[in-house]
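Coordinate-derived values only; no laboratory data. The model shown is predicted, which means the values in this text are computed figures rather than measured ones. Here the Cβ positions follow ideal geometry from the backbone for every residue, glycine too, while neighbour counts run over all protein chains shown.
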Amino acid sequence: MRNIFLVLKREYLVRVRKKSFIVMTLLTPLLIAAFYGIIIWAAVGSFNNERKTIQVIDESGLFKNKFKSDANTTFEFISGPIATAQKQLKDKEQNLLVFIPADIMDRPKGVQIYAAKNIGPMQQNRIEKIVQQELRNIKLSKAGITQQVIEEANMNVDAQTFSLNDEGKTQSSSTIAAYVAGYAAAFLLYIFILIYGAGVMQGVMEEKSNRIIEVIISSVKPFHLMMGKILGVAAVGLTQFLLWGILTFGVTTATQTLFGFNRFTATQEVLNKQAEQADPELKKEMEKSQSNTLNTVNTFMESAQSLPLAQIFICFIFYFLGGYLLYSSLYAAIGASVENQQEAGQFTFPIMLPIIASIFFAQLSINQPDGSLAFWTSMIPFTSPVVMMARIPFGVPAWEIALSMVLLVVGFVGTTWLAARIYRIGILMYGKKVNYKELSKWIFYKG
Amino acid sequence: MPNILEVHDVVKQYASHRALDGVSLNVPKGSIFGLLGPNGAGKTSLIRIITQITAPDEGYVLLDGERLRPEHIQHIGYLPEERGLYKKMKVGEQLLYLAQLKGLSEREAMDKLKIWFKKFDIKTWWTKSIEDLSKGMQQKIQFVATVMHEPKLIILDEPFSGFDPINANLIKDEILELRDKGTTIIFSTHRMESVEELCDHIALIHKSQVILKGSKKEVKDQFKEHSYSVRYHGTLESLPADFEIISHKIDDEQVNKANIRLIGNASVNALVGNLISQVELVSFHENIPSFNDIFIKAVGGEIPEEISSLR
């Protein structure tokens, strides 16, 4: 045990002190924060766009007052020949010119938009929508439907989902939140197993090609060396995971407080004032949409809290360790059996296959968390860690989790035993090209 | 002299290859023991059994009279032929790690390392990475790693390969000093001149079996041909039938040189008497076979009868 710990300690310290580890650990949350920041910035930034003036030539006369100016667009109705307007447009690069022909009711495709440069899809979409809606309204009112009915018919549907808990009480849940959490957890696990499993293999290969293995192995039992290495790398993985968690939380909170919501609200206040000056109606509209956004955010936060976060966290750690132990011992056996990266390729492929398959099964399971595919793939130890993590946010019966965990433990004890048999022979074998037949012989070698 | 290590009828079978076939040998305490043999003879297999890297299929090994146990690892120091250290690790950290694996506490390891670093005058290396050291420097570190836990038994596989003559001498002196302190050294090598110089006991393994073993004198006695080298002035007319002149030539200094073998129970004194009566002697000495000759003879198959009976 002392030796396992010594090996673990060395493995941990060497890896944690590596520049690449420090850079990766620090950079990843920064990248996430930067990503987050860019999204917020983009969202806030859209309010700061330069004001655009859109000139409208409405030959049909149907659209008077239908294009409403807002914070960053002003609609300007002009008359006169289109050719003159086009000529003037060239001097004002920001502006657009919309031409609505007289026979728009019969020929809805006759709308033309001109710009000095290109027209963004958003702008085009917006103008099309206004025209479309207006034409629809006109046609509906012609059919005898009043304006009031039309307005009332424009309803937003946003279903709230509830899951019944054991006491029969309803609990607000959000499929979206579970989906996001499940997918994130499964994907993180997948990445961790792949990266750290390969890390173990690299480490073993390094010891073998360095030839330090013979010195070490004359002081430490091969099994202890293998376990020390595997556990050391696992500790590195957990450290990284923990640091990412702390840093991501810290940095995003900081970003939010510094640049996010404060600025968001400030900008909104400015906008509200501007809007009030321009048009009291507009202000009301804007406030309504803001409170809608806030509501959506709140509901999402609430339902995220309704997720079994503690359970997800504990299961994540368990399935990370279980899945990692299962695969990394196999990776260690491969590292011990080969002498270079090329040779390793042919053996790593069959191991990576179930890992890659498991992320695929996880995607399928997330859409049907209680399906039989989801059930079976979350029982088989080779796919269970990733698939089960995708299912847990949706709620999985305790017995299923327990059974899957037991099977996973059985699985990794099995692969570790197998790997250790191959490892102890492989590390001292040089100059011999190995194949599966050879490997299976090693399993049964004595001493 | 009690034996620190006894190997009894050890057999090691790999798939289709029998690496060791009933190997037995004794290593006396405080000796420098040469483990000789051509490549692939089974030396490394035997060393791996002694260092408990592998276990024998049959037979057993006693260290200080006890069957090998995992705790014995800390009493053995092993320098493998293929040297290796963690390239990116600092010298000091690496040695501390290896010492702790041998059962020393961090403090003990630190104390012992300080002595060695002072002795080899390499204090400034402590914080250097292994990859920044020259090959010879790395070998020194590896030697320190082998002996720092003060093992009772040190196994050195080709210890001088990769050393320049100065450092090779330094290591040789260390080996002798360790022997004088009571440490036993098993010395596996092809370089017969170092066997000649250092070893007091040897065992020769060939084709998975021990074909020759014993003290330096015993082994050499077995290979003696009872021949003598004579240098003289004058002419040697003839000798009685008991003596056979194997070769004769005149060397660079215009001195006659002859090799003469004693046949049957002829005495050395009788030879000398015969010589003195005919020529003026310059020198007279017995031809003692070198380990190099013995090695080639034994492995080449020309094993004298009394030796082959040892098998």
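Out of all DSSP beta bridges in region A:52-148, what portion is antiparallel? Express it as a percent rounded to 5. Walk me through the intermediate numbers first.
Working: 5 of 16 bridges.
Within region A:52-148, antiparallel bridges account for around 30 percent of the total.
Other chains near A:205-216: what is the mean number of their Cβ atoms within 10 Å of each residue's Cβ?
Working: counts 0, 3, 2, 1, 1, 8, 6, 13, 4, 13, 14, 5.
The mean count of partner-chain Cβ atoms within 10 Å per residue comes to 6.
Looking at the protein assembly as shown from every direction and averaging, what is the projected area of its Cα convex hull in nm²? Don't skip to the end; give the middle numbers.
Numbers: hull surface 217.8 nm².
Orientation-averaged projected area of the Cα hull: 54.4 nm².
Divide by every residue of the protein assembly as shown the summed helix terms, -39500 (n - 2.57) for each DSSP H run of at least 4, and state the resulting mean residue ellipticity at 222 nm, rounded to the nearest 500 deg cm²/dmol.
On the way: 26 runs with 409 residues, N = 758.
Using -39500 (n - 2.57) per qualifying helix, the result is -18000 deg cm²/dmol.
Please work out the C-alpha center-to-center distance from region A:313-336 to region B:190-268 and express it in whole Å.
Between the Cα centres of region A:313-336 and region B:190-268 lies a distance of 66 Å.
What list of ³J(HN,Hα) values in whole Hz, one per residue of region B:278-286 in order, does the Karplus curve 6.51 cos²θ - 1.76 cosθ + 1.60 (θ = phi - 60°) give from phi, with Gly and Pro shown as x?
10, 10, 9, 6, 9, 8, 8, 8, 6
Could you grab the Rg to Rh ratio for region B:225-286? Cα atoms only, Kirkwood for Rh. Walk me through the numbers before you get to the answer.
Numbers: Rg = 10.8 Å, Rh = 11.6 Å.
Here Rg/Rh amounts to 0.93.
So what is the relative contact order for region B:225-286, in percent, with contacts set as C-alpha pairs under 8 Å and at least six apart? Before the final figure, lay out the partial values.
Numbers: 102 pairs, mean separation 31.1, N = 62.
Dividing the mean separation by the residue count of region B:225-286 yields 50 percent.
Under the rule of at least 5 residues apart or a separate chain, name every residue whose amide H is placed under 5 Å from the amide H of B:Leu212.
B:Leu204
Going down the table (A:Lys9/B:Lys12; B:Lys102/B:Lys297; A:Lys19/B:Lys123; B:Lys135/B:Lys297; A:Lys64/A:Lys109; B:Lys12/B:Lys297), which pairs top 30 Å between alpha carbons?
Details: A:Lys9/B:Lys12 35 Å; B:Lys102/B:Lys297 40 Å; A:Lys19/B:Lys123 26 Å; B:Lys135/B:Lys297 35 Å; A:Lys64/A:Lys109 19 Å; B:Lys12/B:Lys297 26 Å.
Too far apart for the 30 Å limit: A:Lys9/B:Lys12; B:Lys102/B:Lys297; B:Lys135/B:Lys297.
Calculate one ³J(HN,Hα) per residue across region B:140-153 by plugging θ = phi - 60° into the Karplus curve 6.51 cos²θ - 1.76 cosθ + 1.60, and present them in order as whole Hz with x for glycine and proline.
Computed from phi, the couplings for region B:140-153 are 4, 4, 5, 5, 4, 4, 6, 10, 5, 8, 6, x, 6, 10 Hz.
Normalised radius of gyration for region B:3-221, please: alpha carbon Rg relative to 2.2 N^0.38 Å, two decimal places.
Numbers: Rg = 17.3 Å, N = 219, 2.2 N^0.38 = 17.1 Å.
Compactness ratio reported: 1.02.
If you put +1 on each Lys and Arg Cβ and -1 on each Asp and Glu Cβ, how big is the dipole of the protein assembly as shown around its Cα centre, in Debye rounded to 20? Walk me through the numbers before you get to the answer.
Numbers: 79 positive and 76 negative charges, 329 e Å.
Rounded to the nearest 20 debye, it is 1580 debye.
If you average the C-alpha positions of region B:111-166 and of region A:364-431 separately, how far apart do those two centres end up, in angstrom?
Their Cα centres are 46 Å away from one another.
Kindly rank B:275-286, A:413-424, B:166-177 from highest to lowest mean number of other beta carbons found within 10 Å of each residue. Don't skip to the end; give the middle numbers.
Details: B:275-286: 13.1, A:413-424: 19.7, B:166-177: 15.0.
Per-residue mean Cβ counts within 10 Å order the peptides as A:413-424, B:166-177, B:275-286.
What base-10 log of the normalised intensity I(q)/I(0) is obtained for region A:52-148 from the Debye formula, alpha carbons as equal point scatterers, at q = 0.16, 0.17, 0.24 Å⁻¹?
Taken in order of the listed q values, log10 I(q)/I(0) reads -0.67, -0.76, -1.39.
Give me the tail of P(r) for region B:194-298 as a percent: Cα-Cα pairs with distance above 17 Å.
Details: 3215 of 5460 pairs.
Value for region B:194-298 (Cα pairs over 17 Å): 59 percent.
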